[in-house]
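Each remark here refers to the structure printed beneath this line.
The values are calculated or read from the model by the stated rules, or taken from the named source; none is laboratory data. Because the structure is predicted, anything quoted here is derived from the model rather than measured. Cβ: placed from backbone, ideal geometry, glycine included. Neighbour counts: every protein chain shown.
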Amino acid sequence: MTTAAIAAPRAAGHTFSLVLRVLLAVSLAVDAVVHLRLAGGYQQSAPSGIGAGNLFRIEAGVALVVAAWVLWRGSRSALLAAFAVGFSAAVAVVLYRYVNVPALGPLPAMYEPVWFFEKALSAVFEGVAAAAALTAVALIPRQRGSHVPTGDAPAAN
């Protein structure tokens, strides 16, 4: 097999990985923007405590940091963090939509049995982020040690 024949699939895989990372970062950014826009109105759920608004701000900040990390490094740990952010946020929005979870310590009760545009938008993008992160993790080969065979030379047995 020629070097060009080996490089072509590798370039296509790199492009697909980059597209996934951009999709993931955009999904987390949309999630963050929605949470920041809604945070003020949700602080009323516990004005003297942590409050849902502050939880929204924290989630938005974490989502933005992880989105930047995914774009900057695209490492397995960055992708796993992105999965954790997207999946946990998607689970939370669906859980609090359908289950009246009581306040847990400093965390307020956030039951809201309705869907509206921004809430649905964030849920969709959180799900997209989680799915894109899992897909990207599956495509990144596990690195053992500091040497990863490139395919240009035979790997030592």
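Structural remarks
- Exclusive hit being modelled with pLDDT of 95 or more, within 22 Å of the chain's Cα centre (by Cα) and surrounded by 15 or more Cβ atoms within 10 Å (Cβ to Cβ), set Ala60, Ala120: Ala60
- When Ala90, Ala120, Ala129, Ala39 are checked against the criterion of being closer than 23 Å to Leu18 by Cα and part of a helix (DSSP H, G or I), Ala129 stands alone in meeting it.
- Condition check for Ala92 on (1) touching a Lys or Arg at 6+ places or on another chain (Cβ under 8 Å); (2) aliphatic (A, V, I, L, M); (3) at pLDDT 95 or above: one failure, at (1).
- Once segment 98-117 is narrowed to residues that are of a type outside the set (Ser, Thr, Tyr) and outside any loop (DSSP other than H, G, I, E, B), the residue that is farthest from Leu55 (Cα to Cα) is Phe117.
- Segment 47-61, residues that are in a loop (DSSP other than H, G, I, E, B) and either closer than 15 Å to Ala130 by Cα or of a type in the set (S, T, N, Q) (or both): Ser48
- Filtered residue count, segment 63-75, keeping only those that are modelled with pLDDT of 95 or more and either buried (at least 18 other Cβ atoms within 10 Å of the Cβ) or within 18 Å of Leu134 (Cβ to Cβ) (or both): 7
- Conditions (1) assigned to a helix (DSSP H, G or I); (2) touching a helix residue (DSSP H, G or I) at 6+ places or on another chain (Cβ under 7 Å): number failed by Leu95: (2)
- Ile58 in contact with a strand residue (DSSP E or B) (Cβ under 7 Å, 6 or more places away or on another chain) and on the phi < 0 side of the Ramachandran plot: no
- Residue list for segment 62-76, filter: in a helix (DSSP H, G or I) and without any contact (Cβ under 8 Å) to a residue 12 or more places away in the chain: Val65, Trp72
- Scanning segment 47-57 for residues being of a type in the set (A, V, I, L, M) and modelled with pLDDT under 90 gives a total of 1.
- For the residues Phe83, Phe87, the requirement of being out of contact with any Asp or Glu (no Cβ under 8 Å at 6 or more places or on another chain) and within 16 Å of Val26 (Cα to Cα) singles out Phe83.
- Scanning segment 77-116 for residues that are surrounded by 14 or more Cβ atoms within 10 Å (Cβ to Cβ), small (Gly, Ala, Ser) and touching a residue at least 40 places away in the same chain (Cβ under 8 Å) yields Ala82, Gly86, Ala89, Ala90, Ala109.
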